[in-house]
Amino acid sequence: MAYDGNVTVGGAPAVRELTGLTLTKVAVGPMDNNAYLLTCRDTGDQVLIDAANDASTLLGLLDEAPLARVVTTHRHGDHWQALAAVVERTGAVTAAHVDDVAGIEVPTAQPLREGDRVEVGTCTLEVIHLVGHTPGSITLLYDEPGGRPHIFTGDSLFPGGVGNTHGSKKDFTSLINDVEHKLFDRLPDETWVYPGHGADTTLGAERPHLGEWRARGW
């Protein structure tokens, strides 16, 4: 079945073969969070993005293969409820942006900053810091060789808008500016967006609406 990014809690994962990586997307409850397992096709090394909840489901994706690292996109609890259990079982290194580590109850072994690289075997993810949803929210960019860019945006960018800034004009302005300048101004329309909840999208599908998002203020 062709990958469309649509997953449901309790349903089957969606698997996508990229150049260099196999991407597995799964949804976990109770807040319909997405988690993404990236597996290097050369080495078998694996990285999990957001151990959101339901450790047994996430561990079941590994197929007994080692898990090198878990990257948490931001400090909100619904994105790391299974982190302790996954790390205890696998010994994976924990990683998150330095500005959010204090809000994650599991210690962060690898504090991340803008421009850092996260290795997945022979593949590389670039850390992009987007301030607004939380102080240390990150997007991870995989620039697929010979293909399109892929970005894992946590709760900073969704189909239809940027992440929730809880009524703060300052945080919204920061987030929309970072999303526009660091993602839309840099990356092409075919860039595939994998958010922290719900369906995937592309930058091309969302780009025409940036002005609307600014005008409405959320």
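Every number in this text was worked out from the coordinates using simple rules, so none of it is lab data. These numbers were taken from a predicted model, which means no experiment stands behind them. Because the Cβ atoms are built from the backbone with ideal geometry, glycine has one as well, and the counts that use them run over all protein chains shown.
Just to be sure I understand, how many residues within segment 44-85 are hydroxyl-bearing (Ser, Thr, Tyr) and more than 20 Å from Leu112 (Cα to Cα)? Spell out the reasoning first.
So the first thing to find is which residues in segment 44-85 are hydroxyl-bearing (Ser, Thr, Tyr), and the list is 56-57, 72-73.
Right, trim to more than 20 Å from Leu112 (Cα to Cα) and you get 56-57.
Result for segment 44-85: 2.
Please work out which one of (1) in contact (Cβ under 8 Å) with a residue 40 or more places away in the chain; (2) surrounded by fewer than 18 Cβ atoms within 10 Å (Cβ to Cβ) is the condition His97 fails and give its number.
Result: His97 fails condition (2) only.
Are any residues in segment 38-86 over 19 Å from Leu140 (Cα atoms) and among the β-branched types (Val, Ile, Thr), and if so, which ones?
Within segment 38-86, Thr43, Thr57, Val86 meet the criteria.
Could you list all residues from segment 135-162 that are more than 17 Å from Leu37 (Cα to Cα), more than 10 Å from the chain's Cα centre (by Cα) and in a loop (DSSP other than H, G, I, E, B)?
Pro135, Gly136, Pro145, Gly146, Gly147, Arg148, Pro159, Gly160
For segment 42-69, give me each residue that is in contact (Cβ under 8 Å) with a residue 60 or more places away in the chain and either farther than 26 Å from Glu144 by Cβ or not small (Gly, Ala, Ser) (or both).
Passing the criteria: Asp42, Thr43, Asp45, Gln46, Val47, Ile49, Asp50.
Give segment 150-167 a look and list any residue that's over 21 Å from Val71 (Cα atoms) and in contact with a Ser or Thr (Cβ under 9 Å, 6 or more places away or on another chain), or say none.
The answer is Pro159, Gly160, Thr165.
In this structure, does Thr134 turn out to be touching a residue at least 60 places away in the same chain (Cβ under 8 Å), among the polar types (S, T, N, Q) and in contact with a Lys or Arg (Cβ under 7 Å, 6 or more places away or on another chain)?
On the way: touching a residue at least 60 places away in the same chain (Cβ under 8 Å): yes; among the polar types (S, T, N, Q): yes; in contact with a Lys or Arg (Cβ under 7 Å, 6 or more places away or on another chain): yes.
Against the criterion (touching a residue at least 60 places away in the same chain (Cβ under 8 Å), among the polar types (S, T, N, Q) and in contact with a Lys or Arg (Cβ under 7 Å, 6 or more places away or on another chain)), Thr134 qualifies.
Only residues that are among the hydrophobic types (A, V, I, L, M, F, W, C) and surrounded by fewer than 21 Cβ atoms within 10 Å (Cβ to Cβ): list them for segment 42-66, please.
Here is the first cut: in segment 42-66, the residues among the hydrophobic types (A, V, I, L, M, F, W, C) are 47-49, 51-52, 55, 58-59, 61-62, 65.
Within segment 42-66, Ala55, Leu59, Leu61, Leu62, Ala65 qualify.
So is Asp185 surrounded by fewer than 19 Cβ atoms within 10 Å (Cβ to Cβ) and in contact with a helix residue (DSSP H, G or I) (Cβ under 6 Å, 6 or more places away or on another chain) or not?
Details: surrounded by fewer than 19 Cβ atoms within 10 Å (Cβ to Cβ): yes; in contact with a helix residue (DSSP H, G or I) (Cβ under 6 Å, 6 or more places away or on another chain): no.
In short, no.
Name the single residue that is surrounded by the fewest Cβ atoms within 10 Å (Cβ to Cβ) among those in segment 109-131 being in contact (Cβ under 8 Å) with a residue 24 or more places away in the chain and in contact with a helix residue (DSSP H, G or I) (Cβ under 7 Å, 6 or more places away or on another chain).
Val131
Looking only at segment 4-15, count every residue that is in a loop (DSSP other than H, G, I, E, B) and surrounded by 15 or more Cβ atoms within 10 Å (Cβ to Cβ) and tell me the total. I'd like the intermediate steps shown before the answer.
Restricting attention to segment 4-15, the residues satisfying the condition of being in a loop (DSSP other than H, G, I, E, B) are 4-13.
Narrowing the set further to residues that are surrounded by 15 or more Cβ atoms within 10 Å (Cβ to Cβ) leaves 5, 7, 9, 13.
Matching residues across segment 4-15 total 4.
Any residue in segment 67-77 that is assigned to a helix (DSSP H, G or I), within 18 Å of the chain's Cα centre (by Cα) and surrounded by fewer than 18 Cβ atoms within 10 Å (Cβ to Cβ)?
Looking through segment 67-77, at least one residue is assigned to a helix (DSSP H, G or I), within 18 Å of the chain's Cα centre (by Cα) and surrounded by fewer than 18 Cβ atoms within 10 Å (Cβ to Cβ).
Output the number of the condition that Ile176 fails; it satisfies all remaining conditions of (1) of a type outside the set (D, E, K, R); (2) assigned to a strand (DSSP E or B); (3) touching a helix residue (DSSP H, G or I) at 6+ places or on another chain (Cβ under 8 Å); (4) free of Cβ contacts under 8 Å to residues at least 60 places away in the same chain.
Going through (1) of a type outside the set (D, E, K, R); (2) assigned to a strand (DSSP E or B); (3) touching a helix residue (DSSP H, G or I) at 6+ places or on another chain (Cβ under 8 Å); (4) free of Cβ contacts under 8 Å to residues at least 60 places away in the same chain one by one, Ile176 breaks only (2).
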